[in-house]
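The block underneath contains the structure these notes are about, expressed in structure tokens.
The values are calculated or read from the model by the stated rules, or taken from the named source; none is laboratory data. Here the structure is a predicted model, which is why all the values come from computation and not from measurement. Reconstructed Cβ throughout: ideal geometry from the backbone, glycine too, with neighbour counts over all protein chains shown.
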Amino acid sequence: MDEVNSVANCRTIIRHGEDYYQCNNTQKFVSSRDMWWFLVVARCPSDAIDQSIKGVNITYGFHMTNGEEGDILHHEFSADEFYILPIDIAFLIAYTIMFGSSVICAYVLYKKQLFHSTYKMYITSLWIWWFHLLIYTISYGKYSATGYRQTGANIAARVFAAISTMVFMLMLLLMANGYTIVRGRVGNITSVFITVVLTLFALGTGILLILEATQFDEALVLYVYEFWPGYCLIALRIICWVIFTVLLFITVFRHKEKARFYFPLFVWYTLWFWAGPVVILIAMFVMEKWAREKTVHGVEQFVMLCGHIFFLILTRPSAANSNFPYHVKTTQVIITFLCRQN
């Protein structure tokens, strides 16, 4: 052990009457680019003489860092997690501003009796997404300070993100069907389709979180979309786009006067539905493995931000907004619905 002791700072201790070596050491690796580092544990060369000695009985712990101590953006993060914290902070600030703007618009709509349930869904989705960003920011902030991953907080953030996405997709599907724009209720067949798809999306998210906690091998699965439940979520998102497209064109065919609103809605949210899956596929087959998690995380935040911003612009209660969709007052929708029931 003399050679090892000189390098690894080892000392002999006795546990339960047996000799053990306790070693502590710090190693610094310098690289001009991101790469994987592999640490190998092996027996001493002198042990090869005694063929009866096999294997290594070892208990170990590693504290691996990047950059200089005190660098909160790099020190405790792996290369695939760099800049996730500032990205979350930036989007949290953006969503705080956007949420305030949406509340102002909601107040104006309320005064005009145009504060429909679909706009309430939008504000709900916006607030939940803001809350998930707040959890992520606190989680990664603690991670940068302590080096301990906040697993529970990260799972909670992802649950809220999934809920926000489902509420937003539900709102888009209902508006594509004309709900609160040209009709006061949703047809039975449409309700079944929407319910089934969103239920499958919720189940897929739940299964993904459970499998991530129980079966993910972090050496093989670098981020959630590299596992089969992630593929299912991508497929369900595309199915939602298909339903969105069919409902929208049926509505435009029956109510051509609303084409001014539905055309930009279709173009923009087609990009919104497809942006996530396309970037994920690019990340899987083109990007380096150590760049995937931070890239996909940033793109998910950006795509959702664009979706929320465009809806806010499209539905702003301004006389200059020729695309404004709400022209039926909330009281008229209720009366129409009650009359049809009678």
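Data for the structure
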item	result
Candidate set: the stretch 159-198, residues that are outside any helix (DSSP H, G or I) and among the β-branched types (Val, Ile, Thr); chosen: the one surrounded by the most Cβ atoms within 10 Å (Cβ to Cβ)	THR180
When residues of the stretch 275-323 are limited to those that are outside any helix (DSSP H, G or I) and of a type in the set (D, E, K, R), the one surrounded by the most Cβ atoms within 10 Å (Cβ to Cβ)	ARG316
Flag for ILE58 being closer than 30 Å to PHE38 by Cβ and outside any loop (DSSP other than H, G, I, E, B)	no
ILE138, sole failed condition from (1) under 14 Å from the mean Cα position of the chain (by Cα); (2) modelled with pLDDT of 90 or more; (3) more than 28 Å from PHE253 (Cβ to Cβ); (4) hydrophobic (A, V, I, L, M, F, W, C)	(1)
Given (1) hydroxyl-bearing (Ser, Thr, Tyr); (2) surrounded by 13 or more Cβ atoms within 10 Å (Cβ to Cβ); (3) at pLDDT 80 or above, index of the condition TYR225 fails	(3)
Single residue of SER144, SER139, SER125, SER101 found to be small (Gly, Ala, Ser), crowded, with 19+ Cβ neighbours inside 10 Å and in contact (Cβ under 8 Å) with a residue 24 or more places away in the chain	SER125
Residue in the stretch 35-48 that is modelled with pLDDT of 80 or more, loosely packed, with under 10 Cβ neighbours inside 10 Å and either in contact with a helix residue (DSSP H, G or I) (Cβ under 9 Å, 6 or more places away or on another chain) or not hydroxyl-bearing (Ser, Thr, Tyr) (or both) present	no
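For every residue, the table says whether it meets (1) over 20 Å from THR180 (Cβ atoms); (2) at pLDDT below 95; (3) within 14 Å of the chain's Cα centre (by Cα).
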site: TYR83; (1), (2), (3): yes, yes, no
site: PRO86; (1), (2), (3): yes, yes, no
site: THR96; (1), (2), (3): yes, no, no
site: LEU109; (1), (2), (3): no, yes, no
site: THR118; (1), (2), (3): no, yes, no
site: PHE131; (1), (2), (3): yes, no, yes
